[in-house]
Structure formats: structure tokens, C-alpha cells
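Below is one structure, written out as C-alpha cells; comments come after it.
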Amino acid sequence: MPKTKRDSQLACLKRYRVMAYTVGIGLVLLVFVGMPLQFIWHHPGFEQVVGTLHGFLYMLYLVVAGELWYRSRWSLPRLLAVVSAGLLPFMAFVVERRISRKAYEEMRDTTLLDRFSSRQSPTAG
């Protein structure tokens, strides 16, 4: 169980990263395997299964992305970038990398700031 705000953000970021890769792989399979099977070779079975699975996982991805957005207090444009990444093949991987890097930097900066401010002692005048 996460104990601090930073631990909670790290756990949330880990869930986001797992879901980003899962949704990204599902979308790549859907677009580059399922769609050709359905439209070129007329075998819709794979596309139906992977499409349904991707849709369910994308909804879960939205919940996890929303939680990360809320906990990290990000701007709306950053949330929109994260949400749209699950709609374009390969973008989930690119956006996940950028978002994770930025989130780790922000957590590191916050931790350093907290450490610095806790070392400051009030001075009597």
C-alpha cells in the first residue's frame, strides 16, 4: 500500500505504463494483423476478438490515465495527449516514454524541493 504522495504517484505511473504498452500492442495487432485478415483475406475472427479486447483495455487505460492526471495535477492538454495516444498505432509507446520521463522528473524535483524545505530552520529575529 502506498504510504506517501510520491509512492502513490509512482504506483499510478506504473499502472499507466503497463496499460499504455498493453493498449499499444493491442492496437498494433488490430491494425496490422486483424484488419488485413478481415479485409484482404476475409477472416474477421481475429479482428473481432482483438478489437473487443482493445476496446475494453482502452477504457481501462482511460481510467488509469485520468487517475495519473488527477494525482499529478497535470494540465488538460497533457491529458488529451495521453488519451489520444491510445488511438493511433505506435503513439502509445512514444507518449508513454515522454510522459514517464516528465513524471519522473517532476517527482524528483518535488522530492528535492521537499528535502530542501525540510532542512530550513526558522530563524528568530
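The values are calculated or read from the model by the stated rules, or taken from the named source; none is laboratory data. Keep in mind that what you see is a predicted model, and the values were worked out from it rather than measured. Cβ coordinates were reconstructed from backbone atoms using ideal geometry, including for glycine residues, and neighbour counts include every protein chain displayed.
A few remarks follow.
- Selection status of Leu13, over 30 Å from Glu105 (Cα atoms), out of contact with any Phe, Trp or Tyr (no Cβ under 7 Å at 6 or more places or on another chain) and touching a residue at least 12 places away in the same chain (Cβ under 8 Å): no
- Of all the listed residues (Gly66, Gly45, Gly34, Gly26), the sole one being among the small types (Gly, Ala, Ser) and touching a Phe, Trp or Tyr at 6+ places or on another chain (Cβ under 6 Å) is Gly34.
- Of all residues in segment 17-27, those that are touching a residue at least 24 places away in the same chain (Cβ under 8 Å) and surrounded by fewer than 16 Cβ atoms within 10 Å (Cβ to Cβ) total 1.
- For the criterion of being surrounded by 12 or more Cβ atoms within 10 Å (Cβ to Cβ) and either modelled with pLDDT under 90 or not in a helix (DSSP H, G or I) (or both), Glu96 fails.
- Meets criteria (in contact with a helix residue (DSSP H, G or I) (Cβ under 8 Å, 6 or more places away or on another chain), of a type in the set (D, E, K, R) and at pLDDT 90 or above) for Glu106: no
- Within segment 35-78, tally of residues that are of a type in the set (Ser, Thr, Tyr), more than 20 Å from Lys14 (Cβ to Cβ) and either touching a residue at least 40 places away in the same chain (Cβ under 8 Å) or part of a helix (DSSP H, G or I) (or both): 1
- Scanning segment 53-76 for residues that are loosely packed, with under 13 Cβ neighbours inside 10 Å, among the hydroxyl-bearing types (Ser, Thr, Tyr) and modelled with pLDDT of 95 or more turns up nothing.
- Entry remark, segment 11-58: residues being among the charged types (D, E, K, R) and either more than 15 Å from the chain's Cα centre (by Cα) or over 22 Å from Trp69 (Cα atoms) (or both) number 1 in total.
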